[in-house]
Amino acid sequence: MSNDSGARTGVTRRQVLATSAATAFVAAASSKASALTFTQLPEWSPFAHNPPPTAPPGDHWQFFTADEAATIEAIVDRLIPADDLSIGGKEAGCAVFIDRQLQGFFGTFARLYMEPPFGKGTPAQGDQSPLVPQQRYRFGLAELEQYCQSEHQASFKELNGDQQDQILSALEQGEIHFEKYPSADFFALVLQNTKEGFFADPVYGGNKDMVSWKMIGFPGARYDYRDYVEKHNQTLDLEPLSIGGGTHWNHQG
Amino acid sequence: MATKLPATDVVVVGLGWAGSILAHELAEEGLNVIGFERGPWRDTAQDFNIASAPDELRYSARQELMLRTRQNTVTMRNNTSQTALPMREWGSFHPGNGTGGAGNHWAGITYRYDPSTFRLKSHLIERYGQQAYNDSNLTLQDWGTDWDEMEPHYAKFEAIAGTSGKAGNIKGEIQEGGNPFEGPRSGEYPNPPLKQPYGPTLFAKTAAEMGYKPYYVPSSLVSRAYTNPLGVTMGPCTYCGFCTNYGCANYSKASAITTILPALIRKPNFIAKTNSEVHRVTLDGSGKRATGVIYTDASGRTWEQPAELVIVAAFILENVRLMLLSGVGTPYDPRTGKGTTGRNYCYQTANNAQLFFKDKNFNPFIGGGAVGMGIDELNNDNFDHSGLGFFGGGSTRVTPIGAAPIGNTPVPPGTPKWGGQWKRAVKEHYLGNMSVGCEASSYAQQGNYLSLDPTYKDPHGYPLLRMTFDFPDNDMRMAQYVTDKIGEIGERMGADQVVKTPRTRPWNNLSYQSSHMTGGFLMGSDPSTSSVNKHLQTWGIPNLFVVGASAAPQNPGFNPTGTVGALAYKAADAIRRLYLKNPGEMIG
């Protein structure tokens, strides 16, 4: 939910709920996060809160080139294929999600310790690559394209589903050699980000209409199960909610 | 060059649980107190607003509340033959940042350690003999305190936090429905237990049929509206399932920001300085007196803040790093086993059994970090270890923390990781899976320790902390034993598939295990093997107190926060009752 998402102008129901929840209990001392010194009762603004760092939605790719985007859309649609359970990863918005994530702090590892030296280390020491996700995607997609052209004289997105699956399996097993970033690591990153896009709150661009939540029975950003906690071994069929609201909330006027 | 500021009475480093407790108690004495916090000011209404708090990507996957590794991280290796490399992303554990510290995103599980824990080495030698102890190859130590000294401070912390549960032992009388292995409590928990979802209920019923004594996991997610002794009011837990790794939007999860800071910040003699990172404690020429702290503020300026009394109460890792950077105590040497700063670093040995049922619906999204049922027969020395080849054990629990789906869609082993079969398995198993955990002890051995890294530095140019650790043989044998036992319970519960995951070596940073690190600046009665006395006062530097999980000589099979809170109240009590009247070494 970015501040400029269309459905949320003025005081929304969510804000009203939030305020009444807060004022029912003691109002804690508070101020802007950037302030330095706090004494006694710092300023407090109603409705001021710290919203999620979502990139604004839009029709344009923010990180990927058109070719890269087409390849990623083809990949996410094999990782999460359309079937009787749900729409596929592409329609669910997984590629859009990844694009927006790469353009944000995740894409540059802006919050992470990226000081040299970058030792190889042991597997137990975890990720020690000097490459940030933007580079991992850019290099990985280029090498995948190169591989597909040399083996199949076609782009990944032009291959049929079985061929695509075979290539993805080979990446997963590290059987295709990538120069700049190991193919198995590239595959693992794309798979992790694709699942994040499928399951994260729709405000981040994926999980269209809460499709994954409806599929598995996760009610999303509901915040009170006191009436349900002791309903044991029962199917509750709760309609899911996003932190941007629910489809039944978004009627204008 | 640091600019020197006017002196104050007390500086407190860190405004998480321990620091906020100390700052409040000393401000109550009328002292002028400045609290330093390297992270931002955090506040429920704005930072954990109900409109945006339930966000798995932001808080769990992207670790919004954790310390940024760019600001400060640790380096890690499994043994001294390896070169330590930085944790570039938190994996194994999750240090916090900002007021409230890790107490904002913790689970809320609030144990007291059992009486034998405080004299573990003596206890094991008395029960099993010197030879059995020697054979364990462990370097255990007593705490220099005991249950009777700790009990009032546990009670005080639970009252502040509104801990909800059912006592198992009140003044020596075993209580039906509680944990019978608890030490004798002076009274009942401040609040009644939480309601229980299906998973913990099925576990407790089965465990009881097998002869175990199930109890309500003590929870500082409060079960009802509660006003604590400082006049701060909390709201009842709603079982929302966005709990561990998240801040609580309901004022239900006890944290310094929901229980202490709202009262403390109103005191005119308290100042909180946030985004202000302390680099070291300054000592006078004799090295026997702390004179203040050096810190850098948000603008990048460096200052010296002189003080009469210095309290270091940051997270365990930073407590130890600050003492190493300040030259307090002798750095521990793993070859000789001598030296105290960095000694006996321990962790938690986390074991698990995942249960898949075909015909049950646990609604796993309902829950909270400390909502659950446990048994304690497999913990610590609650069972006879004769002939088992190990000491220790763990608290066994079913605590459904919530099941947001990026991180909580387990599928049986052998399932493809993607594609149509994977998706079908996710759907098939989402509602019908649950897990039984065993949060087990981590005992000290000579090669596990904390030191300064020779290569990697923080943005201010100070060395990172280096962690050298792997699980001892003792703990690996224990992990196998307890995981087999919890697997038996899972089978009896009727699971179609039980996937047992005992902790194995090497310790790694690949997946989350526990944020319960302990040791490095130990409490004890012998200055040659400990850093602080039983009042958390540094040996040889009487106006420097170092408070937190850094004081634990080894880690039992319990979550440590209750004990961190109790130690903070214990130190505050000693300062108020003894030290301020006669500043100096309280134990000669």
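Taking only the C-alpha atoms of the protein assembly as shown, Rg followed by Dmax gives 26.3, 85 Å.
Between A:Gln153 and B:Asn137, the simple spin-label model (points 7 angstrom out along Cα→Cβ) gives 6.2 nm. Where does the Debye-calculated log10 I(q)/I(0) of the stretch B:488-569 sit at q = 0.20 Å⁻¹, using only Cα point scatterers of equal weight, no solvent? Here the Debye-derived log intensity ratios amount to -0.92.
Computed from backbone phi with θ = phi - 60° and the Karplus coefficients 6.51, -1.76 and 1.60, the 3J(HN,Hα) list for the stretch B:249-264 is 7, 9, 6, 9, 8, 5, 8, 4, 6, 9, 10, 10, 4, x, 7, 5 Hz; x is used for glycine and proline. Remark: relative contact order (the stretch B:453-533) = 19 percent; criterion is Cα-Cα distance under 8 angstrom and separation of 6 or more residues.
Note on the stretch B:104-261: with charges restricted to the Cβ of Lys and Arg (+1) and Asp and Glu (-1), its dipole about the Cα centre is near 540 debye. Could you state the angle between the C-alpha long axis of helix B:147-161 and the longest principal axis of the C-alpha atoms of chain B, as a value from 0 to 90 degrees rounded to the nearest 10? So the helix axis and the longest Cα principal axis differ by about 80 degrees.
The residue among B:Asn32, A:Gly244, B:Ala225 whose Cα reaches farthest toward the positive pole of the charge dipole of the protein assembly as shown, with charges on the beta-carbon of Lys, Arg, Asp and Glu, is B:Asn32. For the stretch B:90-241, the Kirkwood hydrodynamic radius from C-alpha pairs, put into Stokes-Einstein at 25 °C and a viscosity of 0.890 mPa s, yields a diffusion coefficient of 137 µm² per second. Peptide A:206-219 shows a mean partner chain C-beta count of 4 within 10 Å per residue C-beta.
Take the Cα radius of gyration of the stretch B:10-579 and divide it by 2.2 N^0.38 Å, N being the number of residues; the result is 0.91.
Residues whose amide H falls under 5 Å from that of B:Val312, counting only those 5 or more places apart or on a different chain, are B:Val13, B:Phe545, B:Val546, B:Val547, with hydrogens built in the peptide plane. Summarising the amide proton neighbourhood of B:Ile170: residues at separation of 5 or more, or on other chains, whose placed amide H is nearer than 5 Å comprise B:Gln175, B:Arg185.
Under the definition of Cα pairs under 8 Å and six or more residues apart, what whole-number percent is the relative contact order of the stretch B:130-187? For the stretch B:130-187, the relative contact order is 26 percent.
Taking 29 Å as the limit for the C-alpha separation, the pairs B:Lys338/B:Lys485; A:Lys120/B:Lys253; B:Lys195/B:Lys427 exceed it in the case of B:Lys338/B:Lys485; A:Lys120/B:Lys253.
Pairing the Cα long axis of helix B:17-28 with the longest principal axis of chain B, what angle in degrees results, from 0 to 90 and rounded to the nearest 10? Tilt of helix B:17-28: around 50 degrees. Probing with 1.4 Å while keeping every protein chain in the model, the per residue accessible area of the stretch B:10-579 equals 29 Å². Within 10 Å of the Cβ of each residue in B:411-418, the mean number of Cβ atoms contributed by other protein chains is 3.
A:Thr108 sits with roughly 60 Å² accessible to a 1.4 Å probe, with DNA, RNA and ligands left out of the calculation. Using C-alpha pairs under 8 Å with a sequence gap of at least 6, the mean separation divided by the residue count of the stretch B:10-579 gives a relative contact order of 22 percent. Derived scalar couplings between HN and Hα for the stretch B:213-227 equal 10, x, 9, 6, 4, x, 10, 9, 9, 6, 7, 7, 4, 8, 10 Hz in order, rounded to whole Hz, by the Karplus curve 6.51 cos²θ - 1.76 cosθ + 1.60 (θ = phi - 60°), x for Gly and Pro. Along each principal axis, taking the top coordinate minus the bottom one, the Cα set of the stretch B:232-336 gives 54, 43, 26 Å in descending order.
Shown in residue order for the stretch B:467-477 are the 3J(HN,Hα) couplings computed by the Karplus curve 6.51 cos²θ - 1.76 cosθ + 1.60 at θ = phi - 60°: 10, 10, 7, 8, 5, x, 3, 3, 6, 5, 5 Hz (x for Gly and Pro). The H on the amide N of B:Arg88, modeled in the peptide plane, is under 5 Å from the matching H of no residue at least 5 residues off or on a different chain. Report, as a whole number in µm² per second, the diffusion coefficient that Stokes-Einstein gives for the stretch B:170-258 at 37 °C and 0.692 mPa s using the Kirkwood radius over alpha carbon pairs. My calculation gives 220 µm²/s for D. Is the shape of the stretch A:64-215 rounded, prolate or oblate, going by the alpha carbon gyration tensor and its root eigenvalues a ≥ b ≥ c, with a/c under 1.5 for rounded and a/b larger than b/c for prolate? Verdict is oblate for the stretch A:64-215.
The values are calculated or read from the model by the stated rules, or taken from the named source; none is laboratory data. The structure displayed is predicted, hence computed values, not measured ones. FYI the Cβ positions are ideal-geometry reconstructions off the backbone, even for glycines, and counts take in every protein chain you see. Note: areas computed on protein heavy atoms with side chains; ligands, DNA, RNA excluded. Shrake-Rupley method; radii C 1.70, N 1.55, O 1.52, S 1.80 Å.
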